[in-house]
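The structure appears right after this line, and notes come after that.
The values are calculated or read from the model by the stated rules, or taken from the named source; none is laboratory data. From a predicted model like this one, the values you see are computed outputs, not experimental measurements. Please note: Cβ atoms are built from the backbone with ideal geometry, for glycine as well, and neighbour counts cover all protein chains shown.
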Amino acid sequence: MQQKTSFTNTMRWRIAWLAAVWALFYGCAAWPVSEPVSVGDAVAVDYVCRIAEGAILATTREAVIKDEAEQLSHAFVPFRAYQPEQFTIGAYRSPWQGPDLHPLREEIAFRLAGRLQGLRYGRRHHLALASAPIEGLPEQERTITFAVTYPLEKERTLPVQQFEQIVGKPPAVGEILFEDKPVQWEVIEALPDSVTVRFRVKQSHAVKMPEGPAVIRDQGEHFEVTVDARVGQLVRVGPYVGQVSAVEQGRFTADFSHPFGGRELACEVVVQRAPASERDVEQAVRQAPDGL
């Protein structure tokens, strides 16, 4: 009986030791959620950043954008991969060496890095995030001029990988995608390396385009897009956000020298300790007492 009790106690101790090692590397038990963020901490940060109207401009949380109750800005573009931003407090430096355009995601991470010290782990924090205009950028490098009205092709061919990143699954000929959206996709051809889709748009339907609110009309061989461009309105081109600086004679100009498009972002932020690599965990397990 004594031998059985001794064996049981030994196993309990070993299991507890392994649990402590796991928690140490993954931040579950070794680091209380009430502990403040400090210089030198490796952190993982999730955020939801909104513009003044409450619409989401950027987020690391994929579940948020799938919530039908949430409103997405017309300048919102889905990330290719949804995961927390990771960096070390006090060691994150500007990735830009000189005058250059700042992608939205990188600018948010850079501005957050300087605001997290002292916040509590595991809690939701509300931060007002601002960026500064980029100085020294020539006008031709920071502005783009668009036509207020422009043609949109009815069919488009894109690489399979890009299609699957956007849609989230392999193509199937005949399938109608985004049926709940103003602009729907019909897969008309699926080859090993490319997919061709046909756009379907309701006649004279108002839609959100990256350049702003717009109306799309069917003109037979192509669609015609008319953007309701207004000064101060956000514009999205790839990873960059700008704002309309001028509208005249059927054209409008967007200035990208302000990474947040001249807006202050209201961000909900949750900070966790960054998980250690699997190699670190494996090394700790190998150093466990004999027989663990």
Taking the residues in segment 237-277 that are surrounded by fewer than 18 Cβ atoms within 10 Å (Cβ to Cβ) and in contact with a Cys (Cβ under 9 Å, 6 or more places away or on another chain) as candidates, determine which candidate is farthest from V43 (Cα to Cα). A266
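Residue-wise test of (1) of a type in the set (D, E); (2) surrounded by 15 or more Cβ atoms within 10 Å (Cβ to Cβ); (3) assigned to a loop (DSSP other than H, G, I, E, B).
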| position | (1), (2), (3) |
| --- | --- |
| S94 | no, no, yes |
| G98 | no, no, yes |
| L101 | no, yes, yes |
| L127 | no, yes, no |
Given the residues P171, P151, which is the only one that is buried (at least 16 other Cβ atoms within 10 Å of the Cβ) and farther than 28 Å from I51 by Cβ? P171
For E135, the lone unmet condition from (1) charged (D, E, K, R); (2) farther than 30 Å from S245 by Cβ; (3) not assigned by TED's automatic domain parsing to the domain that holds V237 is (2)
Qualifying positions in segment 129-178 - among the hydroxyl-bearing types (S, T, Y) and assigned to a strand (DSSP E or B): T143, T145, T149, Y150, T157
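Out of segment 69-112, which residues are of a type in the set (A, V, I, L, M, F, W, C), farther than 23 Å from G261 by Cβ and in contact (Cβ under 8 Å) with a residue 24 or more places away in the chain?
Going through segment 69-112, the residues of a type in the set (A, V, I, L, M, F, W, C) turn out to be 69, 72, 75-77, 79, 81, 87, 89, 91, 96, 101, 104, 108-110, 112.
Cutting the leftovers down to farther than 23 Å from G261 by Cβ gives us 69, 81, 87, 89, 91.
Of everything in segment 69-112, those that are of a type in the set (A, V, I, L, M, F, W, C), farther than 23 Å from G261 by Cβ and in contact (Cβ under 8 Å) with a residue 24 or more places away in the chain turn out to be F87, I89, A91.
Which one is nearest to the chain's Cα centre (by Cα), of the residues in segment 200-249 that are among the small types (G, A, S) and farther than 20 Å from R156 by Cβ? I'd like the intermediate steps shown before the answer.
Keep residues of segment 200-249 that are among the small types (G, A, S), which gives 204, 206, 212, 214, 220, 229, 232, 238, 242, 245-246.
Now restrict to residues that are farther than 20 Å from R156 by Cβ: 204, 206, 212, 229, 232, 242, 245-246.
Numbers: S204: 31, A206: 25, G212: 19, A229: 25, G232: 23, G242: 17, S245: 26, A246: 28 Å.
So, considering only residues that are among the small types (G, A, S) and farther than 20 Å from R156 by Cβ, the one nearest to the chain's Cα centre (by Cα) is G242.
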Sort through L127, L112, L72 and tell me the only one that's closer than 28 Å to E141 by Cβ and of a type in the set (A, V, I, L, M). L112
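In segment 15-66, which residues are at pLDDT 70 or above and exposed (fewer than 11 other Cβ atoms within 10 Å of the Cβ)?
V39, G40, A52, E53, G54, A63, K66
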Any chance segment 199-221 includes a residue that's of a type in the set (S, T, N, Q), in contact with a Lys or Arg (Cβ under 8 Å, 6 or more places away or on another chain) and modelled with pLDDT under 95? yes
All but one of (1) surrounded by fewer than 16 Cβ atoms within 10 Å (Cβ to Cβ); (2) assigned to a strand (DSSP E or B) hold for Q184, so report the exception by its number. (1)
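Are there strands (runs of 3 or more DSSP E) fully within segment 199-276 with at least 1 residues that are of a type in the set (S, T, Y)? List them. Show your work before the answer.
Values: elements: 205-209, 212-218, 223-227, 234-237, 240-248, 251-255, 265-273.
Where strands (runs of 3 or more DSSP E) fall fully within segment 199-276 and carry at least 1 residues being of a type in the set (S, T, Y), they are 223-227, 240-248, 251-255.
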